[in-house]
Amino acid sequence: MNSNDIIAALEHRSTPCYYYDLSLLDKTLDLVNEHGTKKGYHIHFALKANHEPKILQRIQKAGLGADCVSGGEVKQAIDCQFDPKHIAFAGVGKSDAEIELGLDEGIFCFNVESLQEMIVINEIAERKNIQAPIALRLNPNVQVNTHKYITTGLHENKFGISDEELLLVLDALPSLSHIQFLGIHFHIGSQITSLEPFVELCHKANQYVEQIEDRGFTIKVLNMGGGFGVNYSDPNAEPIPDLKAFFEVFDTHLNHRKDQEVHFELGRAIIAQAGSLLTRVLYIKERSTKNFAVVDAGMTELIRPALYQATHIIDALSLSDSNAPLVNYDVVGPICESSDTFIQDYPLNKLQRGDVLAIRSAGAYGQVMKSRYNLRPDFPVLYSDELSHPPTDIR
């Protein structure tokens, strides 16, 4: 991160401000293609992680498809030049209007989450006299070590088709004449940093394929979802996750034939480390037991710490006194909630009003989750190619 050029650019921009390092994004996409696409895998970028048009257009040009979970995301993907034939549409509660949109646009696939949803899609497709391509999102009951709010592959979660419902779905499929069955889909959670859950997922997928094809169906698509995590604690040491190791899990453990397509839906792993939230110090509050650095960004700009108890490291891009001693701060925002805290007891050189901080690893589930709570204003976006000297490395 080129601190001097960012500070210079901020002279003409207000904060809070999201900053994106496009060179890091490009290098990440190169590795996605090297270790994934070149093996014949189909990679869809998850718009729920980030839907900035400039970022999406760059991802589309790199050859990725889109993974959408709402009609709005489907529209955004199409507006950013994604081919509808490379758009997968997931989500546990698709409305009739969203289903119609997907059918009218001719998207690649609906990832169906229940028998009732499949029946509704068939009815809408019948009215339009077209075929609706679907994959069955299965709930494989795979345990992952992540926050409970982003665990999606357990029986207690709302997502996917359970084993007992799968039998009912398979019984109903032959009678639904406007459904085109493509295959199966999984998504077991997010920010998964161990490869073991993906190994288990492969073994479960192999069993499902055998079970379903024994019933006389042909599975052409194996969509293994996403969820691969990033290093929030040390983004400088690992700016790009080990994508080679991730894809090798599926090379080794997933049984798939040459006539079957294997799909993935990566979001955080592609964009998280490329984004930072820039913020200025408004006030310092010093107490005998606590020091607060009150900044102009809040949970309205980055809700992950408040919602998921997530930790983002913070860099000081400008300091009034870079030789000042270290002080432990609670870095907090201006929102009228005690949960509006980015980090507690965090060591930084003694701060003063006007110092600029960068909250790192904020490219995924940061800007997309912004809110207008407290009637907060919108904020600008800064890209590395807008700097006087764009970064040439990935630090």
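The values are calculated or read from the model by the stated rules, or taken from the named source; none is laboratory data. Keep in mind that what you see is a predicted model, and the values were worked out from it rather than measured. Here the Cβ is made from the backbone with ideal geometry for all residues, glycine too, and neighbour counts use every protein chain on show.
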Q) Filter the range 148-176 for residues that are modelled with pLDDT under 65 and assigned to a helix (DSSP H, G or I); which is nearest to the chain's Cα centre (by Cα)? A) Ile150
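Take the range 128-147 and flag every residue that is farther than 18 Å from Leu201 by Cα and either assigned to a loop (DSSP other than H, G, I, E, B) or at pLDDT below 70 (or both). Explain how you work it out, then say what you get.
Of the residues in the range 128-147, the ones farther than 18 Å from Leu201 by Cα are 128-134, 147.
Those that are farther than 18 Å from Leu201 by Cα and either assigned to a loop (DSSP other than H, G, I, E, B) or at pLDDT below 70 (or both): Asn129, Ile130, Gln131, His147.
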Q: Identify the residue in the range 354-373 that is assigned to a loop (DSSP other than H, G, I, E, B) and of a type in the set (A, V, I, L, M, F, W, C) and, among all such residues, is farthest from Ser322 (Cα to Cα).
A: Ala364
Q. Say we look at the range 275-303 and pick out the residues that are within 22 Å of Ser371 (Cα to Cα) and surrounded by fewer than 22 Cβ atoms within 10 Å (Cβ to Cβ); which of these is farthest from the chain's Cα centre (by Cα)?
A. Leu282
Q: Would you tally the residues in the range 103-143 being free of Cβ contacts under 8 Å to residues at least 40 places away in the same chain and surrounded by 20 or more Cβ atoms within 10 Å (Cβ to Cβ)?
A: 5
Q. Just checking, how many residues over the range 222-253 are out of contact with any strand residue (DSSP E or B) (no Cβ under 8 Å at 6 or more places or on another chain), in a loop (DSSP other than H, G, I, E, B) and either surrounded by 14 or more Cβ atoms within 10 Å (Cβ to Cβ) or not assigned by TED's automatic domain parsing to the domain that holds Leu182 (or both)?
A. 7
